Each structure stands twice: as C-alpha cells, then as structure tokens.
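Engineer: Dropping the structure in here first, questions after.
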Amino acid sequence: MTPKEILLHYWNYDSFKSPQEEIIASILEKKDTLAILPTGGGKSLCYQIPAIILDGLTLVISPLIALMKDQVQNLLSKGIPTAYITNELDQHTIGKILDDCQNRKIKLLYVSPERLQSRLFIERIKQISLSLVAIDEAHCISEWGHDFRPAYHKITNLRTLFPDVTVLALTATATDKIKDEIIEKLNLKEPAIYKSSLKRENLSYHVYLSSDKKNDLVYYLKKYPGPSIIFVRNRKLTYEIANFLASAGFDADFFHAKLTKDEKEQKQRDWTLSSSRIMVSTNAFGMGIDKPNVRTVFHIDLPNGIEAYYQEVGRAGRDENEAVGIYLYNPDDRIQAENIFKANLPSEQEFIKIANCLFSQLQIADGEFPQENYQLDLPHFAEKFSLNLKMVVHFLEFLNTKEVIFQKNYTQNSTLRILASPHAINLNENKIFEYLQRYYAGIFTYNREISESKMAFDLHLSITDIRNSLHEYHKNEMIDYSDRYLARFRFLIPRDSNLFQKKFWKEFEAIQVNNWKRLQAMAYYAEQHTICRERLLFGYFNQKSDENCGKCDVCIAKQQSKTFNEQDLIAYLTEGPKTQTEILTKFLHSPKENIVSELQFLIDELKVQPVGLDAYKLIE
C-alpha cells in the first residue's frame, strides 16, 4: 500500500497536511529527517505510516507516558500492532513485548528516553531488526530549551548500535540555535529539514489586563464555552481556582505533578471524555494529551518563556474549529515571576557552598571517585547546612544534566507497599496503617504512589512525623517505602573542586542567563500592545509574517475601537438595574474593554448611575 492508501485505510483521510507527505517520502528514502511542525500539525503520522510500510520495528522515543498510552491504544484500535514499555510493567511483561518485537509481531514500540539507560533493554534491542527511530519532542535534547531531559543525550548510543537505521526527529517549536543543537546532539546525517508554518488559522492569541482574574475567567469561559485548560503557577492555585469555578457552576477539576499515578490517569480519562470539563493545572498537564476539542487555554501567571507558552496554547483547537489562547495579565505577574526566579537561584558563593557541603556530608575527598549509590535526605541536608532547599534541588538537577551524577527518579512521588500481614497490624492503634489500607486499594499487593503531605493533612500530623514513622516501619520490614524526599544518585566522575569553581559554575550561570532572557521575552510579549501577537510569536521562532493576524487582542483593538453601540447598552438598562457581570454576559461577543469604557462614558454623561457596589441603572 502507498502512504496515501494507508492514510485512507487506517485514518479515513484522503489527503495529507503539508509537509507530511514529503517527510514520509524522506523517511522511506532512508534519509535522516528533522520535522518542525506546530502542535496539531500531525507529527505522529510522519512515523506511524512509514512504520506500517517498513519491514522492521519502529522505535518511538517519547518523554510523555500519557501520550504513549493514548497513541498505542489508538493504533491498536485500528488493528496496527503496537506496544509501549514503562516502569509500570513487570519484567515478565517487558520480556514478552521484546520477544514479540524480535519475532516481528509488533510494528511500533514506544519507550521513554530513560529506557535507553537500561543495559538489559539495550542488549535485547540489539537482537531486533530496527527500521526507524522516531524521536518525539526532540527539543528536550537542548540544555538551552525549556524542557531539557538529560536522558535525551543517550539517544546517540543508538547510532553506534544501528549506524544505518534512519532517524526522524520531531518537535513543535525550535529556534535556530535549538534546531542546530538537535542535529548535532542526535548526530543526524545530512538531514532533510522540514519546517511548517506556525500559523493556525483557527487559533487566536489574546492578552487581557486583569485585576480580578477569577471573575474574568468566569466571563471568558462563558464567552467561549467548551473544554478548557487553565495553567497556573503552583499546586495551591489548582485547588483554589478549580473550587471557585465549581462553585460558579462550571465542571472544573485540578491537576498537578504530585498526584498519584492512578489519580492522574483517572483525571485525564474524565477530562478527555468530557465535552465541557475545565482542567486547572500546573504545566504538568496538557503535553501529550490528545484532546481535539479544547476551546480555550488560559494562563493566569507569566509563563517561563515563549516556547512553553506557544506549545501550551497549541493544545487548543486541534479539531480545527475556532479556539483561543488567553493570558490574563497583571503587571504584578512579572514582578512575582522575577522574584521567584531569583529567590531559588544560587549565587556563585552559594553554588560552591552547596558543592562543598554535599561532599562534606558524603565524606568524599578531592580526586576521589566513589562507586556506591547514595541516598540524601534533602530537607535534612538543607537544614543541617542552612541551605535553601530549592537551591539544593536545582543544584542536583544541574549535576544530573552535566552527567556529574546519575540521579534516579527524583521527580516521582513516594511509593509504598505494606509487607506485614493485615492480621499482624492493630488498625485501631495505628492510624497510619489504617489510613493506608483505607485510601490505597491493593497496597498489600503492589507498590502504590502516596502523598505524605495529603496524609499529614488528613491525619493532623506534620510531614516530618509521617516520614519518620514510615522510615521506621521500612527499617522494621513492615513496609517497602521509597521516599521522594530522598535524592538517589551515584557519581559518574571523580570529585574535582576546580571544575565546580570554574567550569560548572560558568555553565550553570550561562543556562540561568538564558532562562532569564526567555522570561523577559515572554514579559515583553505580554506587556506590549502595538504589535500583532501572532507576528511577535512567529518572529521569535525566526518565521517572517507579512501581515497581521486580524484576530488577536491587538488587531481587534485597532479594528473595533469604536464598534460598541451605546444604544444597545441603554436599551438593556431600560429593563432595570443590572450588575456589571450581567452587562458583560449580555454582550459577550463585544470586546470587554469597549463595554466597560462605554459604561464609564454614560456615567460621566449622567445617563447612567451606579447602584450599590456593582450595579447600574438609567437616570430618568
């Protein structure tokens, strides 16, 4: 079958989006290829269709477990033999999947980049006939990008094992610097490069000044009904805003990285199936969630950079119907973002101090190359040496990116399994075990993700008390407990104080300067009101646009500065006093700023007068 025949047979489309067909042709000609296609541009088809045509296995490397599962389920429903391997699977199941790959019973295998660090996996993959390696979210290989994943640097090992296998790298966004880094770090051989226009005809970008973000959310959610994502800065805000919207009558839920795996999957399923649900989330949500009918994506805090902002807004309108990205901006946003950035950023002296304290705690001398695996209680370590805990976390993450250490599972939740027999525990006397049994079904059978903070809140204890008790039970072999507050790592190079004082500090500083510049570029995007939003976004990614979009808040303000009809407002007020919320809801399809301005004009002209705190009536 030809690519077009496969497209029609499996996906029921009779034509490709540009440049999908050219990318597929490049792969079938066994050329390394880099595809930069916007979110919703159909990146997955660029490797799924070649996978069906090619004889061997297509290995898909993706950082997003949710996306893996979604795509595997979708392909299996079409009768295309596909599988994924994650840490959730036991060794027997993983072995069976690899056997099927070796026996050519599977066409596509999805894995995370971290899987390539498993020697067992590498030994097995050597025995499998590979035809294509597809690397999704390829920008994660860049230390200068917004989503850097150290494990992406290991992908080049596949080039050594399979020098003749075609490699396809895919990403939604990449500046020229990151594009060049992808090509270099993945060792792409004279790659064919396809860069689609970033333009989404159905998607518009808006920034609105807001002094009351919660009520403005209500206004715009009524104006643009349908599924929505609201990105916020921290976990506390996810609860707070979701509860506020629920009390206002919306179908709202919250999502953040510290939910357990089961909670995440349940919330993702419920949201995906809903035609109205609003998800309030940190940036842990959205990437890899293939929901086509998202109508709005909101930001209520200053995003860290334009790359992240563009990708997050790109979750909207993948069904090609009208969709909007709205940032509810307040000048304080920039001040808060800058303060947070600086507060958790060590100075050169603090950077060196953390390094010295770390080696002192672990008793590692200069020039020594320890071979053991370490566990470091981060809160205890930070308290002992009077260090900022978040600075310590950033420091260890940096060492991990520079491959000074190999840090394992430092972002995951704690896990726990009860080893003691239920009959050996007096649940009436031990409220922690009683709580675990009540809220974590199956915890006697397998390891469950738990939240110490939620447990502490529910049981009216401190997190320290909870952790100390769990560590004691673990020591007494009553439970198997893996504490996320413990950093687990081993050193990959000997201690060299000169490296930390010179090379590593300079590299750390350069990365932070780059992050600061990205934050400032995002602030400029939000604060300016003269340049078309779309043109500004495209210019950041080095794509020239010859005309304004005509749909963003800047363009609309220029086109419709005088379009609101005061007679419509006067006619509405003849019905009796109305609150501002009622007035804005009545004229949802007119620019909010014009309505508020016109209302103030009528007050100044003594045609309308305020009543109480938030109502207005005509002056007779």
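The values are calculated or read from the model by the stated rules, or taken from the named source; none is laboratory data. Remember, predicted model here, so these are calculated numbers, not experimental data. Ideal geometry is used to build each Cβ from the backbone, glycine not excepted, and the neighbour counts take in all protein chains shown.
Engineer: Quick check: is even one residue across the stretch 393-400 of a type outside the set (K, R), modelled with pLDDT of 90 or more and over 26 Å from the mean Cα position of the chain (by Cα)?
Structural biologist: no
Engineer: Just one of the numbered conditions (1) surrounded by 16 or more Cβ atoms within 10 Å (Cβ to Cβ); (2) on the phi > 0 side of the Ramachandran plot is not true of Y481; which one?
Structural biologist: Evaluating Y481 over (1) surrounded by 16 or more Cβ atoms within 10 Å (Cβ to Cβ); (2) on the phi > 0 side of the Ramachandran plot leaves (2) as the failure.
Engineer: Can you find a residue in the stretch 485-493 that is loosely packed, with under 15 Cβ neighbours inside 10 Å and free of Cβ contacts under 8 Å to residues at least 60 places away in the same chain?
Structural biologist: no
Engineer: Can you list residue pairs whose Cβ atoms sit under 7 Å apart, with the first residue in the stretch 232-243 being surrounded by fewer than 19 Cβ atoms within 10 Å (Cβ to Cβ) and the second being of a type in the set (V, I, T)? Count only pairs 6 or more apart in sequence or on different chains.
Structural biologist: Filtered contacts from the stretch 232-243: N234/T282; R235/T282.
Engineer: Failed condition for A365, given (1) within 18 Å of F395 (Cβ to Cβ); (2) touching a residue at least 24 places away in the same chain (Cβ under 8 Å), with all others met?
Structural biologist: Going through the list (1) within 18 Å of F395 (Cβ to Cβ); (2) touching a residue at least 24 places away in the same chain (Cβ under 8 Å), A365 breaks only (1).
Engineer: Go through the stretch 24-47 and give me each residue that's crowded, with 20+ Cβ neighbours inside 10 Å and among the hydrophobic types (A, V, I, L, M, F, W, C).
Structural biologist: Answer for the stretch 24-47, where residues must be crowded, with 20+ Cβ neighbours inside 10 Å and among the hydrophobic types (A, V, I, L, M, F, W, C): I24, I27, L34, A35, I36, L37, L45, C46.
Engineer: I would also like to ask the following. Within the stretch 584-603, does at least one residue satisfy the condition of being aliphatic (A, V, I, L, M), surrounded by 13 or more Cβ atoms within 10 Å (Cβ to Cβ) and closer than 19 Å to G325 by Cα?
Structural biologist: yes
Engineer: Also, I was wondering about something else. For the stretch 327-361: of the residues being basic (K, R) and within 30 Å of the chain's Cα centre (by Cα), which is modelled with the highest pLDDT?
Structural biologist: This residue is R334.
Engineer: So, one more: For the subset of the stretch 244-257 comprising residues that are within 23 Å of Q336 (Cα to Cα) and surrounded by 15 or more Cβ atoms within 10 Å (Cβ to Cβ), which member is modelled with the highest pLDDT?
Structural biologist: Checked the stretch 244-257; the qualifying residue modelled with the highest pLDDT is F244.
Engineer: I'd like the full set of residues that are charged (D, E, K, R) and surrounded by fewer than 13 Cβ atoms within 10 Å (Cβ to Cβ), limited to the stretch 459-478.
Structural biologist: Listed by number, the residues that qualify are E472, K475, E477.
Engineer: Let me ask something else about it. Looking at K179, K96, K185, which is the one that is touching a Phe, Trp or Tyr at 6+ places or on another chain (Cβ under 9 Å) and among the charged types (D, E, K, R)?
Structural biologist: K185
Engineer: Residues to consider are A134, A174; find the one that is in contact (Cβ under 8 Å) with a residue 60 or more places away in the chain, crowded, with 22+ Cβ neighbours inside 10 Å and assigned to a strand (DSSP E or B).
Structural biologist: Matching residue, one of A134, A174: A134.
Engineer: Give the stretch 362-376 a look and list any residue that's β-branched (V, I, T) and either touching a strand residue (DSSP E or B) at 6+ places or on another chain (Cβ under 7 Å) or assigned to a helix (DSSP H, G or I) (or both), or say none.
Structural biologist: Residues satisfying the conditions do not exist here.
Engineer: Moving on to the next point. Quick check on the stretch 346-361. Is at least one of its residues touching a Pro at 6+ places or on another chain (Cβ under 8 Å), of a type in the set (G, A, S) and part of a loop (DSSP other than H, G, I, E, B)?
Structural biologist: no
Engineer: Ok, one more. Which of the residues that make up the stretch 437-470 are touching a strand residue (DSSP E or B) at 6+ places or on another chain (Cβ under 7 Å), closer than 12 Å to S414 by Cβ and outside any strand (DSSP E or B)?
Structural biologist: Residues satisfying the conditions are Y440, N447, E452, L470.
Engineer: Of the residues that sit in the stretch 12-50 and are free of Cβ contacts under 8 Å to residues at least 60 places away in the same chain and assigned to a helix (DSSP H, G or I), which one is nearest to the chain's Cα centre (by Cα)?
Structural biologist: Taking the candidates together, the pick is L45.
Engineer: Something else about it: Taking S210 as the residue in question, decide whether it is of a type in the set (S, T, N, Q) and farther than 21 Å from K586 by Cα.
Structural biologist: no
Engineer: Here's a follow-up. So in the stretch 192-205, with the set limited to residues that are of a type outside the set (G, A, S) and surrounded by fewer than 19 Cβ atoms within 10 Å (Cβ to Cβ), which one is farthest from E534 (Cα to Cα)?
Structural biologist: Among them, the one singled out is I193.
Engineer: Take the residues in the stretch 85-117 that are over 25 Å from the mean Cα position of the chain (by Cα) and at pLDDT below 90, then tell me which one is nearest to L161 (Cα to Cα).
Structural biologist: The qualifying residue nearest to L161 (Cα to Cα) is Q91.
Engineer: How many residues are acidic (D, E) and in contact with a Lys or Arg (Cβ under 9 Å, 6 or more places away or on another chain) when one looks only at the stretch 320-332?
Structural biologist: The qualifying residues number 2.
Engineer: If you go through the stretch 582-596 one residue at a time, how many are under 16 Å from Q567 (Cβ atoms), part of a helix (DSSP H, G or I) and out of contact with any Ser or Thr (no Cβ under 9 Å at 6 or more places or on another chain)?
Structural biologist: Within the stretch 582-596, residues that are under 16 Å from Q567 (Cβ atoms), part of a helix (DSSP H, G or I) and out of contact with any Ser or Thr (no Cβ under 9 Å at 6 or more places or on another chain) number 3.
Engineer: Also, I was wondering about something else. Looking at D262, is it within 30 Å of A441 (Cβ to Cβ) and touching a residue at least 60 places away in the same chain (Cβ under 8 Å)?
Structural biologist: Yes: the conditions hold for D262.
Engineer: N339: under 30 Å from K17 (Cβ atoms) and out of contact with any strand residue (DSSP E or B) (no Cβ under 8 Å at 6 or more places or on another chain), yes or no?
Structural biologist: In short, no.
Engineer: Next question. Which residues, taken from the stretch 377-406, are farther than 26 Å from N515 by Cα and in contact with a strand residue (DSSP E or B) (Cβ under 7 Å, 6 or more places away or on another chain)?
Structural biologist: Passing the criteria: only D377.
Engineer: Output the residues belonging to the stretch 521-551 that are of a type in the set (G, A, S) and not in a helix (DSSP H, G or I).
Structural biologist: Listed by number, the residues that qualify are S545, G550.
Engineer: Of everything in the stretch 597-620, what is aliphatic (A, V, I, L, M), over 18 Å from N565 (Cβ atoms) and assigned to a strand (DSSP E or B)? Give them in sequence order.
Structural biologist: V611, A615
Engineer: Sticking with this one: Residues in the stretch 314-336: is at least one of a type in the set (S, T, Y) and crowded, with 19+ Cβ neighbours inside 10 Å?
Structural biologist: yes
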